[in-house]
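The values are calculated or read from the model by the stated rules, or taken from the named source; none is laboratory data. Here the structure is a predicted model, which is why all the values come from computation and not from measurement. In this analysis, Cβ positions are derived from the backbone assuming ideal geometry, glycine residues included, and neighbour counts consider all displayed protein chains.
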C-alpha cells in the first residue's frame, strides 16, 4: 500500500504543477479601458461606437421551461447598452411561464428605444434527427442579422460590461469562436459536489494552449452557455443544423468550427459571466447523466480508464487515511495518505480559485469525484441499455 500511495503522490504532484502552468495559458476576458490611449490610439469608447456601427452583434437565447431565469438573463443583456444590439429569444414550446416572463422583461427594458432590436420568436415543433437545443439555436441563427452571434443560455447572466470585453476580444481575433466556462453559482450540496468538476477536468487534462494554437479539433473545450461566433465561421462549420442528435452540441460545434480552419479561444470569462446551471440534486443527476458518456465519445475503454484512475488518485487516499486511523494500516501509510489528500486538495483549490469558486468547497473533492463516477456509470447504463435520457420533457438516446 505504501508503494502505491507513493506513486499516487508523485502523479498528483506532477498534476498540480501541470494545472498551475495550464491555467496560465487561458486568456482572460478583460474589460477594455474607455480612456484615451497614451500612445495616441483610439480609445475603446470611440472604437465601441465605430465597431457597433459596422459590426452588428446578435445575442441569441434559446429558452425552454426557463421561468424564473429568462427574465434576469434578458435584463443582464440589455443592461450592457451595446449600440445596435439585436436580441432574439426563442421560446422552444415551453410548458411554463417562460414566454410571459420574456415579454415582461422586454417591456420593462429601458433599451427599447433607438437601434436596439428585441424579438421573441415562437419555436417550431421539434423534428426527428436533431436535439431540442440545436434545433432552437438553428432557428435563432437563421433569424439573426449580426456579424457576430452570441449564443447565451437562459440561465446565464452577464456582468457589467461583459459585451465590451467579449467584443474587444472578438475585434482582435477577427473570426472564429470565443467561448468559456461561466462562474458557477451553486446552492445544493449535489451542485457543489459535481458542477465545479467540469472546470477541474479541463484544467487537469486539456492542454489549453493547444485550443488556441493547434488546428487539431481534438483540442477543444466549449460551454454552450457562452458561445460568441462569427457568422461566417458559423456558416462554414455548418452551424447547429449539422449537429443532428449530438448531445454535446457545444463541443461538436467547436470541433466543426476549428476543422473549418477558423480560430478558437477558450477564455476565462468568470469575471463577466455567471450562471446556476441546476437547481437541485435531481437536475444535476439528470443533466450530467445525459452528457457524460456522450462526452467521452461513448467509449467504454475511456470510461473504464477514467473510473479506475480517478478512483486511485482521489478516492483511494482518503479511504487509506480512514483505514490508517482505524489501525488497519501503518503510520507510514497514514502519512502518505495525508500527503496525497493534501495534493488533491491543492489541485482543486487552484482550479476553484481560478474560476472564482468558494475555496472552502475544495475539501469536497473526494465526495464530488465519487458522485461524478456514479453519474458516469448511470450515463453508460442509459446508453448501452437503450433506456436513454430525459431532459425538459424530451427523451434522448
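In segment 14-34, what residues are under 16 Å from residue 212 (Cβ atoms) and touching a residue at least 24 places away in the same chain (Cβ under 8 Å)?
22, 23, 25, 26, 27, 28, 29, 30
A quick yes/no check of all residues on (1) part of a helix (DSSP H, G or I); (2) surrounded by 17 or more Cβ atoms within 10 Å (Cβ to Cβ); (3) touching a residue at least 40 places away in the same chain (Cβ under 8 Å):
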{"residue": "261", "(1), (2), (3)": "no, no, yes"}
{"residue": "270", "(1), (2), (3)": "no, yes, yes"}
{"residue": "288", "(1), (2), (3)": "yes, yes, yes"}
{"residue": "315", "(1), (2), (3)": "yes, yes, yes"}
{"residue": "329", "(1), (2), (3)": "no, yes, yes"}
{"residue": "335", "(1), (2), (3)": "yes, no, no"}
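Kindly check whether there is at least one residue in segment 220-240 that is more than 27 Å from residue 70 (Cβ to Cβ), crowded, with 22+ Cβ neighbours inside 10 Å and touching a residue at least 60 places away in the same chain (Cβ under 8 Å).
Within segment 220-240 (the criterion being more than 27 Å from residue 70 (Cβ to Cβ), crowded, with 22+ Cβ neighbours inside 10 Å and touching a residue at least 60 places away in the same chain (Cβ under 8 Å)), the answer is no, since none of the residues qualifies.
Would you mention how many residues in segment 115-131 are buried (at least 19 other Cβ atoms within 10 Å of the Cβ) and over 23 Å from residue 77 (Cα atoms)?
So the answer is 2.
Filtering segment 184-205 down to residues that are in contact (Cβ under 8 Å) with a residue 40 or more places away in the chain and surrounded by fewer than 19 Cβ atoms within 10 Å (Cβ to Cβ), which residue is nearest to residue 25 (Cα to Cα)?
Result: 204.
Within segment 132-167, work out how many residues are touching a helix residue (DSSP H, G or I) at 6+ places or on another chain (Cβ under 6 Å) and assigned to a helix (DSSP H, G or I).
Result for segment 132-167: 4.
If a residue must be touching a strand residue (DSSP E or B) at 6+ places or on another chain (Cβ under 7 Å) and part of a loop (DSSP other than H, G, I, E, B), how many such residues does segment 168-215 contain?
6
Conditions tested, residue by residue: (1) within 24 Å of the chain's Cα centre (by Cα); (2) surrounded by 15 or more Cβ atoms within 10 Å (Cβ to Cβ); (3) at negative phi; (4) at pLDDT 65 or above.
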site	(1), (2), (3), (4)
12	no, yes, yes, yes
28	yes, no, yes, yes
31	yes, yes, yes, yes
48	no, yes, yes, yes
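Assess whether residue 180 counts as being modelled with pLDDT of 95 or more and more than 16 Å from the chain's Cα centre (by Cα).
Taking the combined requirement at face value, the residue does not satisfy it.
Filter segment 169-183 for residues that are in contact with a helix residue (DSSP H, G or I) (Cβ under 8 Å, 6 or more places away or on another chain) and buried (at least 20 other Cβ atoms within 10 Å of the Cβ) and give the result.
176, 177, 178, 179, 181
Could you tell me which of the residues 197, 243, 247 is closer than 20 Å to residue 291 by Cβ and over 16 Å from the mean Cα position of the chain (by Cα)?
That would be 243, the only listed residue that is closer than 20 Å to residue 291 by Cβ and over 16 Å from the mean Cα position of the chain (by Cα).
Suppose we filter 353, 357 for residues that are assigned by TED's automatic domain parsing to the domain that holds residue 302, within 22 Å of the chain's Cα centre (by Cα), within 21 Å of residue 223 (Cβ to Cβ) and surrounded by fewer than 16 Cβ atoms within 10 Å (Cβ to Cβ); which single one remains?
Among 353, 357, only 353 is assigned by TED's automatic domain parsing to the domain that holds residue 302, within 22 Å of the chain's Cα centre (by Cα), within 21 Å of residue 223 (Cβ to Cβ) and surrounded by fewer than 16 Cβ atoms within 10 Å (Cβ to Cβ).
Does segment 77-95 include one or more residues that are surrounded by fewer than 16 Cβ atoms within 10 Å (Cβ to Cβ) and closer than 15 Å to residue 159 by Cα?
yes
Regarding segment 107-114, can at least one residue be identified that is touching a strand residue (DSSP E or B) at 6+ places or on another chain (Cβ under 8 Å), over 18 Å from residue 70 (Cβ atoms) and surrounded by fewer than 18 Cβ atoms within 10 Å (Cβ to Cβ)?
Within segment 107-114, none of the residues are touching a strand residue (DSSP E or B) at 6+ places or on another chain (Cβ under 8 Å), over 18 Å from residue 70 (Cβ atoms) and surrounded by fewer than 18 Cβ atoms within 10 Å (Cβ to Cβ).
In segment 114-126, which residue that is modelled with pLDDT under 95 and more than 26 Å from the chain's Cα centre (by Cα) is farthest from residue 246 (Cα to Cα)?
114
Might you check whether a residue that is touching a strand residue (DSSP E or B) at 6+ places or on another chain (Cβ under 6 Å), outside any helix (DSSP H, G or I) and crowded, with 16+ Cβ neighbours inside 10 Å occurs anywhere in segment 372-390?
Within segment 372-390, one or more residues are touching a strand residue (DSSP E or B) at 6+ places or on another chain (Cβ under 6 Å), outside any helix (DSSP H, G or I) and crowded, with 16+ Cβ neighbours inside 10 Å.
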